[in-house]
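K.L.:
Quick one: this structure, given as structure tokens, is what I'll be asking you about.
A short reminder: the numbers here are calculations on the coordinates, not readings from a lab. Bear in mind that the values here come from a model prediction, so they are computed numbers and not experimental data. Glycine also receives a Cβ, built like all others from the backbone with ideal geometry; neighbour counts cover every protein chain displayed.
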Amino acid sequence: MKKMGWKELPPGAINPWPGNFMEVKTGTFRGGLKPVFHAEHCIHCLFCWVYCPDNAIIVEDGKMKGINYDYCKGCGICTVECPTDPKSLTMEKEEQKL
Ligand code: SF4
Ligand code: SF4
């Protein structure tokens, strides 16, 4: 592979490919914990959908339906913001695929 010279390299800290995270499956970033949905406690407030930075909460007809693990990076924000007691979303261990 031919190495690029400095004139060919894109400037640092600039994303030359905006929107790329729709194509890159951010779920591969998860490091051993994933949110698990407990539908029996959910009140469908959709706070999880509002706060999820990766648009990984699945909503159909205004109701929370689950998590798209292709894009969930396991940050845990949804479990913090979920207002129910007990929580409708909890972080749980997942087996890592290396
Ligand atoms: S853990 Fe983070 S990325 Fe995954 S669904 Fe919750 S808020 Fe979204
Ligand atoms: S934040 Fe909790 S209660 Fe609200 S929709 Fe999401 S899972 Fe359901």
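K.L.:
Quick one: Pro18 ticks every box in (1) under 15 Å from the mean Cα position of the chain (by Cα); (2) more than 12 Å from ligand 1 (Cβ to nearest atom) bar one, so which box is it?
P.N.:
For Pro18, the exception is condition (1).
K.L.:
Still on this model: For Asp85, state whether it is of a type in the set (D, E, K, R) and either loosely packed, with under 13 Cβ neighbours inside 10 Å or touching a Pro at 6+ places or on another chain (Cβ under 6 Å) (or both).
P.N.:
Here the answer is yes, as Asp85 does meet what is asked.
K.L.:
Please state which of the following conditions Asp54 fails to meet, knowing it meets all the rest: (1) acidic (Asp, Glu); (2) surrounded by 14 or more Cβ atoms within 10 Å (Cβ to Cβ); (3) outside any loop (DSSP other than H, G, I, E, B).
P.N.:
(3)
K.L.:
May I pose another question? Would you point out which residue out of Thr90, Thr84, Thr79 is away from ligand 1 (no atom under 11 Å from the Cβ), β-branched (Val, Ile, Thr) and touching a Cys at 6+ places or on another chain (Cβ under 9 Å)?
P.N.:
Being away from ligand 1 (no atom under 11 Å from the Cβ), β-branched (Val, Ile, Thr) and touching a Cys at 6+ places or on another chain (Cβ under 9 Å) holds for just one of Thr90, Thr84, Thr79, which is Thr84.
K.L.:
For Lys25, indicate whether it is touching a Lys or Arg at 6+ places or on another chain (Cβ under 9 Å) and more than 10 Å from ligand 2 (Cβ to nearest atom). Before the answer, list the steps.
P.N.:
Details: touching a Lys or Arg at 6+ places or on another chain (Cβ under 9 Å): no; more than 10 Å from ligand 2 (Cβ to nearest atom): yes.
No: the conditions fail for Lys25.
K.L.:
Sort out which residues of the range 19-48 are within 27 Å of Gln96 (Cβ to Cβ) and either among the polar types (S, T, N, Q) or touching a Cys at 6+ places or on another chain (Cβ under 8 Å) (or both), and write them in order of number.
P.N.:
In the first step, residues of the range 19-48 are kept if they are within 27 Å of Gln96 (Cβ to Cβ); the result is 20-39, 48.
Asn20, Thr26, Gly27, Thr28, Arg30, Lys34, Pro35, Cys48, listed by residue number.
K.L.:
Quickly run through the range 8-51 and pick out the residues that are of a type in the set (Lys, Arg) and part of a loop (DSSP other than H, G, I, E, B). I'd like the intermediate steps shown before the answer.
P.N.:
Going through the range 8-51, the residues of a type in the set (Lys, Arg) turn out to be 25, 30, 34.
If the condition is that a residue be of a type in the set (Lys, Arg) and part of a loop (DSSP other than H, G, I, E, B), then Lys25, Arg30 are the ones that fit.
K.L.:
Within the range 57-76, track down each residue that is crowded, with 18+ Cβ neighbours inside 10 Å and over 21 Å from Lys93 (Cα atoms).
P.N.:
Met64 - this is the single residue of the range 57-76 that is crowded, with 18+ Cβ neighbours inside 10 Å and over 21 Å from Lys93 (Cα atoms).
K.L.:
If you check every pair at least six apart or on different chains, which have Cβ atoms under 6 Å apart with a residue in the range 18-39 that is in contact (Cβ under 8 Å) with a residue 40 or more places away in the chain and more than 16 Å from Pro53 (Cβ to Cβ) first and a residue that is polar (S, T, N, Q) and more than 16 Å from ligand 2 (Cβ to nearest atom) second?
P.N.:
Pairs that qualify, where the first residue is in contact (Cβ under 8 Å) with a residue 40 or more places away in the chain and more than 16 Å from Pro53 (Cβ to Cβ) and the partner is polar (S, T, N, Q) and more than 16 Å from ligand 2 (Cβ to nearest atom), are Gly32/Gln96.
K.L.:
Go over the candidates Gly12, Gly62, Gly74 one by one and state the one that is in contact with a His (Cβ under 8 Å, 6 or more places away or on another chain) and without any contact (Cβ under 8 Å) to a residue 60 or more places away in the chain.
P.N.:
Gly62
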